[in-house]
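Chemist: Before anything else, here's the structure in question.
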Amino acid sequence: MTDFDLILENDTVLLRPVIPEDIEEFAGLTSDKSMWKYFTNDLSDRTELEIWVNFSLIEKKMITRIPFTIVYKSTGKIAGATSFGNISERDKRVEIGWTWLGKEYQGKGINEQVKYLMLKHCFEKWELERVEFKTDVLNIRARKALLKMNITEEGILRSHTIMTNGRRRDTIYYSVLRDEWETVKESNNWA
């Protein structure tokens, strides 16, 4: 897990390192306040968006997160962002998260392709033992998407995270283990 300038791609998406210049295009995608109901930051606020991007770049320098800009190849435009984070080389574990897509890019299968590329890299290149995901227990759409991909629901951490509106979020965890990867890949027709 030493390549922090990693690029992943297939026919649908390109995941490339986030750069400060992405903020302008991100701002055009994040302006709808309703998008951030289940997110820990309100990226519709320009200042908060800038802080979020800059913090992701700080975490990259600290070797704890690899932030990606998602480019939708059919348009060549930025569609959103995602990251590898909470990286633990010792434990052979990483989290996939911090994922968002602009409204016009939702429902096009982009999220599934992003997850596929990231999971494939985790298990087939990095040879990790565990990849985890987490979301707000109230975010039914995200939960259904993870279950549809046959990612295992594990459990709920109560009063885990503070949200932008001051609500304390219950966080639900999901994971894929190394010995489950081939089954997950086949069940999604990713093989």
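The values are calculated or read from the model by the stated rules, or taken from the named source; none is laboratory data. Worth saying up front: this structure is predicted, and the values here are computed from it rather than measured. Cβ atoms come from the backbone with ideal geometry, glycine included; neighbour counts cover every protein chain shown. To get the accessible areas, we keep the full protein, side chains included, count just its heavy atoms, and leave off ligands, DNA and RNA. Shrake-Rupley method; radii C 1.70, N 1.55, O 1.52, S 1.80 Å.
Chemist: If you keep only loop residues by DSSP, which GluC sites (Glu not before Pro) in region 104-191 have at most 11 other Cβ atoms within 10 Å of their Cβ?
Modeler: Sparse-neighbourhood loop GluC sites (Glu not before Pro): E127.
Chemist: Carbon-plus-sulfur fraction of the accessible area of region 1-116, 1.4 Å probe, in percent?
Modeler: Its accessible area is 49 percent carbon and sulfur atoms.
Chemist: Also, I was wondering about something else. Taking loop as defined by DSSP and a crowding limit of 11 other beta carbons within 10 Å, which GluC sites (Glu not before Pro) in region 10-47 fit?
Modeler: Loop-located and lightly packed - E21.
Chemist: For the pair R158 and T75, what calculated FRET efficiency results from E = 1/(1 + (r/R0)^6), where r is the Cβ-Cβ distance and R0 = 41 Å, to the nearest 0.05?
Modeler: For T75 and R158, the calculated efficiency is 0.50.
Chemist: So which aspartates and glutamates pass the test for K61, namely a Cα distance under 14 Å, with those fewer than 8 places away in the same chain ruled out?
Modeler: Qualifying aspartates and glutamates at Cα under 14 Å: D3, D5.
Chemist: Now for a separate question. Averaged over all directions, how much area does the convex hull of the C-alpha atoms of region 25-65 cover when projected, in nm²?
Modeler: That works out to 3.0 nm².
Chemist: Once each part is reduced to its C-alpha centroid, what is the distance from region 125-191 to region 53-87 in angstrom?
Modeler: First find each Cα centre; the distance between them is then 18 Å.
Chemist: With N denoting the number of residues in region 4-93, provide Rg(C-alpha) divided by 2.2 N^0.38 Å, to two decimal places.
Modeler: In units of the globular-protein estimate, region 4-93 measures up at 1.12.
Chemist: In region 35-94, which GluC sites (Glu not before Pro) are in a loop and have at most 12 other Cβ atoms within 10 Å, using DSSP for the loop call?
Modeler: Passing sites in region 35-94 are E89.
Chemist: Okay, next question. Taking the Cα atoms of region 135-191, what is the range of coordinates along each of the three principal axes, in descending order and whole Å?
Modeler: Per principal axis, max minus min of the Cα coordinates gives 42, 20, 13 Å.
Chemist: Give K92/K148; K37/K125; K92/K144; K33/K92; K73/K120 a once-over and call out the pairs whose C-alpha atoms are over 30 Å from each other.
Modeler: Pairs exceeding 30 Å: K37/K125; K33/K92.
Chemist: At a Förster distance of 30 Å, what's the computed FRET efficiency of D170 paired with I58, Cβ-Cβ distance as r, to 0.05?
Modeler: Given R0 = 30 Å and the Cβ-Cβ separation, E is 0.60.
Chemist: Calculate, for region 37-88, the solvent-accessible area per residue in square angstrom, rolling a 1.4 angstrom probe over the heavy atoms of the protein chains.
Modeler: I get 45 Å² per residue for region 37-88.
Chemist: Any number yet on Rg/Rh for region 80-130, C-alpha, Kirkwood?
Modeler: With Rg and the Kirkwood Rh in hand, the quotient comes to 1.04.
Chemist: Please report Rg (one decimal) and Dmax (integer) in Å for the Cα set of region 1-40.
Modeler: For region 1-40, the Cα radius of gyration and maximum Cα-Cα distance read 13.6, 36 Å.
Chemist: Is it possible to state the helix-based mean residue ellipticity at 222 nm for the chain, with each DSSP H run of 4+ residues giving -39500 (n - 2.57), the sum divided by total residues, to the nearest 500 deg cm²/dmol? What is it?
Modeler: The per-residue figure over the chain is -8000 deg cm²/dmol.
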